[in-house]
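The block underneath contains the structure these notes are about, expressed in C-alpha cells.
Every number in this text was worked out from the coordinates using simple rules, so none of it is lab data. Quick caveat, the model's predicted, so the values are computed rather than measured. Here the Cβ positions follow ideal geometry from the backbone for every residue, glycine too, while neighbour counts run over all protein chains shown.
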C-alpha cells in the first residue's frame, strides 16, 4: 500500500475528493482510504530539530551542535497526527510526499521519514490543487527532492542555534543585572529590528529645509487652469497678474504594457495595499486567506518567486483559465471581454522560480464572502490584465514661461483603455491639455507657498517586507511572521499602520551595536539565504555550509561570553523598569 502525505488536513481532504477516497478516523484524525493507497495529513511540522534535554536544561552558551547531535522532537499538540502516521506506516511500502513544493514542505517529509523510519520516498510535484494537475503529478511521480529538503532543515537548524545562543547570551547578561525577562535575538529578526530603529532615528535627527513653490491660474481660450513652478531654494519674484505667456505643449504617444501576474511578494504588498489586509492575514501558511484559496483549489501555490506563466502553457490553456474566471459571477463580463480581445502573447515578468509559476487562477468558486472574495478577485483580475490589449495613452506637458518663471502642468489622455478595463487601480484620470500649442494665455493670479522638506516615512508592514526582500532577509513565508514576532516581543509597535521601535527595541539594538555589531547587519543573514537557495538547487553541499555557518556562530557566541560582564554592567545602568513601562 502507498501512503500519500498531505501537509494539512484540508489538503488531505481536497486530494481525497479528487481521487475518490473514502474517509476514516483514528486517534481523532480523519484520513482517507482508496484502492491501494491511503491519504494522511500532517499539520505543518510534526517533529522539529532541537537540542538534547541536557543542553536545554543547562541553558548555557556557546551551545553549538552539529545536525547529527540534535534530536527530532515531536511538536507539542500534534501527537495525534504522529500516532496515526506511525500506525499506518506498518502497512506502507512507499510514501508519496504531497506537501507544498518548497523547502519547508519537503523538510516536513524528510523529518517524518527519519522519525518514523520510512525508506522509500517519492515526490508529487504540483503547483496547484486542481484535479488535472494533481492527478498528473501522482501519475508522474519524481524521486524525492532531497536538496530542497536539506535547505529547509538547514534553515531550521540555523534559526534554532543562532536564536538560542544569542538569546541566551543577552538574557544571561540581563539576569546578572537583575532583569527577569527574556531578551530575544535572531538572525533575521535582529537585522529587521535595526532597520526600524535606524529609520526612527533618521526621522528624529531630520532637520527640515524650507523651499518655495508657486501656483498660477491661467486663462486660455477654453477656460481657466492651474500650473505649478518650483521648487525654489530661494524666494522667487512672482510675475504680475495680466502677464501674457506662450504655452508650449509637448505630447508623447505611448503603448503601456499590462502588469505581469503576481508572485508571493506581490501578494503581500500590492494585494495588502489594495484590500487593507495585513500581509500575514493574506499569506500566512496556517490560516492566510490566499493560502485557503490555494488549498481549496482556486489559485496556484502562493509562495512562488515567479512572475512567469507555466512553461508548458499554450493558447488553449490561457483560454481555459479565462473561461474558468467567467464562471465567477463578479468577473463574468470582464472575462468574456478578454476572450474576445485576448492578446497574442500574454505578458509575464522577468523573475522566475524553478519550482513554481506565477500565481494564477485554477478554479472558480460559486460564491466567496468578505476578504476571500477581495483577494480572489484581485488575483483573477491580474491574470486577466496580463492577457488584455495594451493601453494606448497620450502623455502631455504644458510649459508656460512668464515673468522669469517656468510653470508646468502635466496629464494623461487615455485613448484606448485596454488592460486598464480589468485592472483600474491607480489608473490616471484621463484629461486633455487645457491649452493648444503656441497659444497665448493670460496670468490671472499667482500664489507663493513656503514648504519644508519632510523626513522619510516610517515603515509600514508592506514597505518593510519590500525592504527585507531587497536585503535578502527572510523568505516570502517568514517575513510577515518576523514583523509580528517583533511586535509580540515588545520591540516594535504598529500605530496607524506605521511601525515604530519601542524603547526596549532601541536598547537591544544599542547593546548589540556596542558589543557585537555583526549580529545587527543584514549581510550575514543575506549571505546565508543565498547559500540556502544554492543548497535547494543542489549547487552547494549542505553539510559544508552548515559547518561553516555554525563555526561563525561559535566565534560570535564566544565573543559574547567574554563580554558578558560588560554587557551585564551596561544593562544594570539602564532603567529597564522605566523602559518596560514605556512599552
Exercise. Which whole-number percentage describes the relative contact order of the range 264-386, with Cα contacts under 8 Å and a sequence gap of 6 or more?
Worked result: 32 percent
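Kindly give the semi-axes, whole Å and largest first, of the ellipsoid equivalent to the range 476-515, taking each as the square root of 5 times a Cα gyration tensor eigenvalue.
Working: eigenvalues 79, 37, 11 Å².
Over the Cα atoms of the range 476-515, the semi-axes work out to 20, 14, 8 Å.
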Seminar exercise, completed: Per principal axis, largest first, the Cα atoms of the range 516-557 extend in Å by 33, 18, 7
Exercise. Across bins of 5 angstrom width beginning at 0, how are the C-alpha pair distances of the range 1-104 distributed, in whole percent?
Worked result: 2, 11, 19, 20, 16, 10, 8, 7, 4, 2, 1
Seminar exercise, completed: If the chain between residue 554 and residue 427 were fully extended at 0.36 nm per residue, the gain over the current Cα-Cα distance would be 40.4 nm
Exercise. Contour minus end-to-end for residue 125 and residue 22, with contour as 0.36 nm per residue of separation and end-to-end as the Cα-Cα distance?
Worked result: 34.7 nm
Exercise. Does a label point 7 Å from the Cα of residue 1, set along Cα-to-beta-carbon, have any residues of the range 32-52 with amide nitrogen under 19 Å, and which are they?
Worked result: 32-42
Exercise. Under the rule of -39500 (n - 2.57) per DSSP H run of 4 or more residues, summed and divided by the residues of the chain, what mean residue ellipticity at 222 nm is obtained, to the nearest 500 deg cm²/dmol?
Worked result: -13000 deg cm²/dmol
Seminar exercise, completed: Protection proxy (average C-beta count within 10 Å per residue), highest first, orders 51-58, 148-155 as 148-155, 51-58
Problem set entry | Ratio Rg/Rh, restricted to the range 129-178 and using Cα atoms, in which Rh is the Kirkwood radius | 1.44
Exercise. Over its Cα atoms, what ratio of radius of gyration to 2.2 N^0.38 Å does the range 57-117 give?
Worked result: 1.39
Exercise. At q = 0.13, 0.20 Å⁻¹, what base-10 log of I(q)/I(0) does the Debye formula yield for the range 30-189 when every alpha carbon is treated as an equal point scatterer in vacuo?
Worked result: -0.72, -1.30
For this session: Over the Cα atoms of the range 328-368, compute the convex hull volume and normalise it per residue, giving Å³.
Result: 106 Å³
Problem set entry | residue 410-residue 320 pseudo-label distance in nm [points 7 Å out on the Cα-to-Cβ vector] | 4.4 nm
Exercise. Under the classification rounded if a/c is under 1.5, otherwise prolate if a/b is larger than b/c and oblate if not, where does the range 428-583 fall, given a ≥ b ≥ c as square roots of the Cα gyration tensor eigenvalues?
Worked result: oblate
For this session: Please label the shape of the range 389-466 as rounded, prolate or oblate, based on the square roots a ≥ b ≥ c of the eigenvalues of the alpha-carbon gyration tensor (a/c under 1.5 means rounded; beyond that, a/b larger than b/c means prolate, else oblate).
Result: oblate
Seminar exercise, completed: The convex hull of the Cα atoms of the chain, divided by residue count, gives a volume in Å³ per residue of 189 Å³
Seminar exercise, completed: Compactness summary of the range 264-386: radius of gyration and Dmax from Cα atoms, Å, are 13.7, 39
For this session: Treat each spin label as a single point 7 Å out from the Cα along the C-beta direction, and report the residue 453 to residue 181 distance in nm.
Result: 3.8 nm
Problem set entry | Tail weight of P(r) past 20 Å, computed on alpha-carbon pairs of the range 96-159, percent | 27 percent
For this session: Take the Cα radius of gyration of the range 239-314 and divide it by 2.2 N^0.38 Å, with N its residue count; two decimals is plenty.
Result: 1.94
For this session: On a 0 to 90° scale, report how tilted helix 332-341 is relative to the longest principal axis of the chain, with both axes built from alpha carbons and the result rounded to the nearest 10.
Result: 70 degrees
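Give me the percent relative contact order of the chain, please, defined on Cα pairs under 8 angstrom at least 6 residues apart. Before the final figure, lay out each step's value.
Working: 1092 pairs, mean separation 106.6, N = 583.
Contact order relative to length: 18 percent.
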Exercise. Cα-based Rg (one decimal) and Dmax (whole number) for the range 1-42, in Å?
Worked result: 8.9, 24
Seminar exercise, completed: In whole percent, the Cα-Cα distances of the range 201-274 spread across 5 Å bins from 0 upward as 3, 8, 11, 11, 9, 10, 13, 15, 12, 6, 2, 0
